[in-house]
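Some notes on the structure that comes next.
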Amino acid sequence: MLLIEKAWAKLMGSYFAAESMTPDQFMEDLTGYPTSGALFKAKKDKIKHIVESSERGYPIVLTTGCRRM
């Protein structure tokens, strides 16, 4: 995975540019498939979204947070 990260950062121009992207943008670049990101305030909304996405067969990636520069 580190080799992929290094190659992707080189493609983006720098690690700084790579780190400024959100996880959904990274996954879209990595896979070539469209993605969407979502922020939730209520736990019930998060669980509902995860269940619905899973039922539709969507891949799900969860993160604990995202830094924005």
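Residues in segment 54-69 that are among the charged types (D, E, K, R), over 22 Å from Leu2 (Cβ atoms) and not in a helix (DSSP H, G or I): Arg56, Arg68. Of all the residues in segment 13-53, those that are open to solvent by less than 100 Å² (accessible area, probe 1.4 Å) and either within 29 Å of Leu2 (Cβ to Cβ) or of a type in the set (Val, Ile, Thr) (or both) number 26. Taking segment 13-27 as the range and being free of Cβ contacts under 8 Å to residues at least 12 places away in the same chain and farther than 15 Å from Thr63 by Cα as the test, the residues that pass are Gly13, Ser14, Tyr15, Ala17.
The values are calculated or read from the model by the stated rules, or taken from the named source; none is laboratory data. No experiment lies behind these values; they were computed from the predicted model shown. Because the Cβ atoms are built from the backbone with ideal geometry, glycine has one as well, and the counts that use them run over all protein chains shown. Note: areas computed on protein heavy atoms with side chains; ligands, DNA, RNA excluded. Shrake-Rupley method; radii C 1.70, N 1.55, O 1.52, S 1.80 Å.
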